[in-house]
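The values are calculated or read from the model by the stated rules, or taken from the named source; none is laboratory data. Bear in mind that the values here come from a model prediction, so they are computed numbers and not experimental data. So basically every Cβ, Gly included, is an ideal-geometry build from the backbone, and we count neighbours across all protein chains shown.
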2 protein chains.
Amino acid sequence: MTKPALPTKDRLIQSAAHLFRTRGYHGVGLADLLTDAKAPKGSLYHHFPNGKSDLAIAAATWASDGMLRVIAASFDGADTFEDGATTLCYKLAKLFDLSGWDTCPIASTLFEGPDNTRFRDHAKHIYDGWIAEVQVHAARLGLSEEEAQRKSERVFVLIQGGWTLARARHSSEILRDLRHML
Amino acid sequence: MTKPALPTKDRLIQSAAHLFRTRGYHGVGLADLLTDAKAPKGSLYHHFPNGKSDLAIAAATWASDGMLRVIAASFDGADTFEDGATTLCYKLAKLFDLSGWDTCPIASTLFEGPDNTRFRDHAKHIYDGWIAEVQVHAARLGLSEEEAQRKSERVFVLIQGGWTLARARHSSEILRDLRHML
DNA sequence: GGTCGGCTAGACCAATCGGTCTAGTGCAAA
DNA sequence: TTTGCACTAGACCGATTGGTCTAGCCGACC
């Protein structure tokens, strides 16, 4: 579960991303976190002066960067918007199976934090970033600006909802079926 | 926030549903719960021998029953499936605004509990119940069985994803826009 | 009137929570 | 070699956690 080659800060971020995703922000104690990351408490508060909440923000950002890469990879070789979106659904289905059927890493981390406005603002920022990324590809693939916006929001909504249902069912099938709802 | 007329058990369930929805299962302590419900600890463990986890299941069930009523009310007077689904979107948008922009009560309660299989199985059961309810109305309104299944799953996915985005944005607009994605 | 059981009431508990603080390590620049 | 700083290490803290347990209230039935 741990990667001894990585620097402490990165190990903390990745452990946090993983644990928050599976058990939620409040469901993870510092003890679990530090054990998983093989780091002492002092290191946590050195790298993240505000402790758990700072770490949660960093973990969500890190997870979001990964998602942005998946979106880019899905659309980069695509000929049409539908092709790209379909590839994205398949990639996420595979990711879902590999991850052990966890929740959306952003929602599980940022939707229940103590410092509500800061967490929620960050979630909004991250989600808007995903939609914007899809939108860029939509525009590049020939959609009008208005169409690009509408369709990228729809892709986000479908994926978010599909992921939730997939988690409840322990099956990635619905994620692949999303391609028929584009 | 509390309804002194209601019996203790119901007050506990409704307080739990409300608090779990806003802060998540682990984000709510028994102390908050009991204060909000104006009940002593003894009553909790009398009505729910397994404590917090039993209460969470009951609260999710109660919230789900409300959702089933909203679905039924939306489709009952509808002439077409699209009409019913559109009404549902509007009703949920209004509910979202009234609720103070909370999360889906099922996801926030059941997706991070300690006893993972029991909680997740219950979430699946509830979600499948919602989809089944929509499906019944779809069939009644003339859709073929296969179409009814596909469209009811789609409605669920859209609502679930839309709700998440609405929460991040603190705006119910996207929920109303879902009608264009049906 | 007595008693029995559903329910309330909250003191109490060990365990765990997030966070602070001091001491020490090890590398890099002077 | 010495100094300084980024970082590690974990003991320690008060507060809070979920849960147990005993005592007693109070209305219903005998």
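Right, B:Ser15: within 16 Å of DNA strand D (Cβ to nearest atom), modelled with pLDDT of 95 or more and surrounded by 15 or more Cβ atoms within 10 Å (Cβ to Cβ) or not?
yes
Consider segment B:41-62. How many of its residues are within 14 Å of chain A (Cβ to nearest Cβ) and within 15 Å of DNA strand C (Cβ to nearest atom)?
Total meeting the criteria: 1.
Can you tell me which residues in segment A:86-97 are surrounded by 19 or more Cβ atoms within 10 Å (Cβ to Cβ) and in contact with a Lys or Arg (Cβ under 7 Å, 6 or more places away or on another chain)?
A:Cys89, A:Ala93
Filtering segment B:98-114 down to residues that are surrounded by fewer than 21 Cβ atoms within 10 Å (Cβ to Cβ) and touching a residue at least 60 places away in the same chain (Cβ under 8 Å), which residue is farthest from the other protein chains (Cβ to nearest Cβ)?
B:Ser99
Please state which of the following conditions B:Arg169 fails to meet, knowing it meets all the rest: (1) closer than 26 Å to A:Ala123 by Cβ; (2) at pLDDT 95 or above; (3) buried (at least 18 other Cβ atoms within 10 Å of the Cβ).
Here B:Arg169 meets the rest and fails (3).
Test of understanding: among A:Ala5, A:Ala37, which residue is surrounded by fewer than 19 Cβ atoms within 10 Å (Cβ to Cβ) and over 29 Å from B:Thr22 (Cβ atoms)?
Exactly one residue qualifies, and that residue is A:Ala5.
Could you check segment A:24-80 for helices (runs of 4 or more DSSP H) lying wholly inside it with 1 or more residues that are more than 10 Å from DNA strand D (Cβ to nearest atom) and among the hydrophobic types (A, V, I, L, M, F, W, C)?
Once the helices (runs of 4 or more DSSP H) in segment A:24-80 are filtered for at least 1 residues that are more than 10 Å from DNA strand D (Cβ to nearest atom) and among the hydrophobic types (A, V, I, L, M, F, W, C), what remains is A:30-37, A:52-76.
Kindly provide the set of residues from segment A:52-76 that are farther than 24 Å from A:Leu30 by Cα, among the hydrophobic types (A, V, I, L, M, F, W, C) and touching a Phe, Trp or Tyr at 6+ places or on another chain (Cβ under 9 Å), ordered by number.
Within segment A:52-76, A:Met67, A:Leu68, A:Ile71, A:Phe75 qualify.
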